[in-house]
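Notes follow the structure.
The values are calculated or read from the model by the stated rules, or taken from the named source; none is laboratory data. Everything numeric in this text was worked out from a predicted model, so none of it was measured. Here the Cβ positions follow ideal geometry from the backbone for every residue, glycine too, while neighbour counts run over all protein chains shown. Surface areas here come from the heavy atoms of the whole protein model, side chains and all, with no ligands, DNA or RNA. Shrake-Rupley method; radii C 1.70, N 1.55, O 1.52, S 1.80 Å.
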Amino acid sequence: MAAISTPLIIALDYADLPSALAMADSLDPTRCRVKIGKELFTRTGPAAIDALHERGFEVFLDLKFHDIPNTAAAAVEAAADRGVWMTNVHAGGGRRMMEACAARLAEKRHATRLIAVTVLTSLSDDELGEIGVVGSAAEQVERLAMLAQQSGMHGVVCSAKESTRLRERCGDAFLKVTPGIRPADADGGDQRRIMTPEGAMAAGSTHLVVGRAVTRAAIPMEALTAIERAIA
Ligand code: C5P
């Protein structure tokens with residue numbers, strides 16, 4: 001598979017494989033990567049990964065593993081064995097869990113990128129207080145991003161609003177994979193903290209996860225082309 005340099009990752013949020021593949025077939029694998037999440041994977045299993053690889057796509061397997069170190073490392077290894085470009089874990093699993101995952105990839109010489117989820121963007125400061133997090137969500141994001149970097153993660157999932165600060169703390173090479181992207185002319189939908197593609201790239205995000213703005217467009221590649229132009 002040829003290495004591609006686009007920052008765009010299209011979220012294939014579908015409940016069945018034919019729908020996911022119909023969308024994939026309308027996209028160009030040289031101009032975007034695709035993301036498989038928990039719903040599609042739980043319904044279809046690794047067949048979704050294989051079918052997308054056969055079509056030439058690089059895959060981000062977004063399963064957010066969070067378990068004891070050995071179990072999480074085995075899951076990450078299973079994803080890497082399947083050839084995915086990127087997968088992820090929860091930074092809340094702690095240093096030893098992340099180190100075990102990174103070590104397993106290194107030991108098996110896998111090039112799969114491994115990134116960490118810091119704080120789910122759905123959680124408010126009050127809800128974080130309920131689970132014992134003292135301080136703001138922003139402080140917790142920064143703490144977990146630094147820990148993820150020290151533990152060998154290649155980057156984090158973060159909102160564009162966090163990218164600038166994380167670029168200062170963790171550097172340019174640390175991946176900042178950002179969902180909640182809406183082109184300037186689009187409807188926000190259920191997303192609360194949204195940013196335009198060009199705004200997110202300027203803020204320091206290295207990759208953009210785009211779902212409905214492309215997958216619900218009448219002509220998905222036209223919507224994707226408009227995003228490419230906006231960030232060029
Ligand atoms: O359709 P939309 O562009 O909102 O899709 C965004 C994708 O990114 C979805 O797959 C969603 O689950 C995921 N995501 C998110 N916000 C986060 C983490 C992941 O929207 N904080």
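Ligands, DNA and RNA excluded, the heavy atoms of V157 present near 30 Å² of accessible surface to a 1.4 Å solvent probe. Stretched out straight at 0.36 nm per residue, the stretch from A186 to R216 would grow longer than its current Cα-Cα span by 9.7 nm. Put the Cα centre of region 206-221 next to the Cα centre of region 116-194 and the gap is 21 Å. Carbon-plus-sulfur accessible fraction, the chain (probe radius 1.4 Å, protein heavy atoms only): 51%. For L8, nonlocal amide neighbours, meaning residues 5 or more places apart or on other chains whose placed amide H falls under 5 Å from its own, are R33, L208. Largest accessible area first, the listed residues I181, I194 line up as I194, I181 when surface is computed with a 1.4 Å probe on the assembled protein chains. Accessible area per residue for the chain is 47 Å², calculated with a 1.4 Å probe on protein heavy atoms, without ligands, DNA or RNA.
Report the calculated FRET efficiency for R193 and E39 (r = Cβ-Cβ distance, R0 = 22 Å), to the nearest 0.05. Once rounded, the FRET efficiency stands at 0.50. Residues in region 7-17 carry Karplus couplings, in order, of x, 8, 10, 9, 7, 8, 8, 10, 8, 8, 5 Hz; the curve used is 6.51 cos²θ - 1.76 cosθ + 1.60 with θ = phi - 60°, and Gly or Pro positions show x. Heavy-atom accessible area for I68, with the other protein chains in place and a 1.4 Å probe, reaches approximately 110 Å². Could you tell me which of rounded, prolate or oblate describes the chain, using a ≥ b ≥ c as the square roots of the eigenvalues of the alpha-carbon gyration tensor, with rounded for a/c under 1.5 and, failing that, prolate when a/b is larger than b/c and oblate otherwise? Oblate.
For the pair A3 and A202, label points projected 7 Å from Cα toward Cβ lie 3.0 nm apart. Partners of K176 within straight-line reach, counting lysines whose Cα lies under 22 Å from its Cα and excluding those fewer than 8 residues away in the same chain: K35, K38, K64, K161.
Placing a label point 7 Å from the Cα of R55 along the Cα-to-Cβ line, the residues of region 197-232 whose backbone N sits under 18 Å from it are 209-225. Take every pair of alpha-carbon atoms less than 8 Å apart whose residues are at least six positions apart; their mean separation over the length of region 75-232 yields a relative contact order of 17 percent. Computed extension gain for E168 through A78, at 0.36 nm per residue and net of the alpha carbon distance, reaches 29.1 nm.
Mean sequence separation of contacting Cα pairs (under 8 Å, at least six apart), scaled by the length of region 135-176, corresponds to a relative contact order of 42 percent.
Here the simple spin-label model places points 7 Å from the Cα toward Cβ, and for V134 and T30 these points are separated by 5.6 nm. Modelled this way, with points 7 Å down the Cα-to-C-beta line, the labels at A230 and A106 are 3.9 nm from one another.
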